[in-house]
Amino acid sequence: MPDYLNFAVFTQGPAQVLDALTAELVSRDALAADLAEELEASLVEAFAAGGETRFNSESVSLVADQLAGLVPEEFRRFIGEEGGRYVLEFGLESAPDGGLRLTVTPTIIATVRGGEGPLGGRPLPSNGSLESSILQALSRRLGR
C-alpha cells in the first residue's frame, strides 16, 4: 500500500472534472489536443450511463533524469540511459459522501535495450510525485 494518496474527491460535475483533466493531459503531452474534446464527451456519456468510467492517457516518453524523479530512490538503479515512459490510468466514480472520486494509477516503465518482457522494459513503482502533481494541477484548474 503506498504512503501517498493517488485520488482526490471533487465537488464539480463529471463534465467539469473531465474538461480539466483532458486539458491537463494535453498540457503534459499525455493526450493529443485533437482528441481531447471527443474523448471528454464520450467519457461524460459513459459516466452518465454507468456512474463510473476508466481510461488511459497516451504514453509519455521521459529521459533518464525525468524518470528518476518519478520512482523511489532504491529503484533508480534500474534506469538506463534510454530513459523510459509512463501511462496513466484514470478512474472516475461517484464518491460515497458525494462528489466525484478521481483515481490516478501510473504504469512506469524503464526502457531496456532489446525490450525486456511484454512491456518493452522494466516496470517500476511510483514514488507518488506524478499522481500528486496531476491531482494538484486539477485542484488548481477547478478552483479548489
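Calculate how steeply helix 33-50 sits against the longest principal axis of the alpha-carbon atoms of the chain, using the helix alpha-carbon long axis, and give the answer as 0 to 90 degrees to the nearest 10. In the chain, helix 33-50 runs at an angle near 60 degrees to the longest axis. Peptide packing: for 29-41, 60-72, 98-110, the average count of neighbouring Cβ atoms within 10 Å per residue gives the ranking 98-110, 60-72, 29-41, highest mean first. Taking the charge dipole of the range 7-141 about its Cα centre, with +1 at Lys and Arg Cβ atoms and -1 at Asp and Glu Cβ atoms, the residue from G91, Q66, T107 reaching farthest to the positive side is Q66. What FRET efficiency comes out for R113 versus E52 if R0 is 35 angstrom and r is the Cβ-Cβ distance? Round to the nearest 0.05. FRET efficiency, R113 to E52: 0.30. Think of it as helices only: each DSSP H run of n ≥ 4 in the chain is worth -39500 (n - 2.57), and spread over all residues that comes to -11000 deg cm²/dmol at 222 nm.
Among the listed values (1) 1.05; (2) 0.93; (3) 1.00, the one matching Rg/Rh (Cα atoms, Kirkwood Rh) as calculated from this structure is (3).
Could you tell me the calculated FRET efficiency between F7 and S42, based on Cβ-Cβ distance and R0 = 25 angstrom, to the nearest 0.05? Once the sixth-power term is evaluated, E becomes 0.70.
Any read-out appearing in this document is the output of simple, stated calculations on the displayed coordinates, not a laboratory observation. Note that the structure is predicted; figures quoted are calculated from it, not measured. Glycine also receives a Cβ, built like all others from the backbone with ideal geometry; neighbour counts cover every protein chain displayed.
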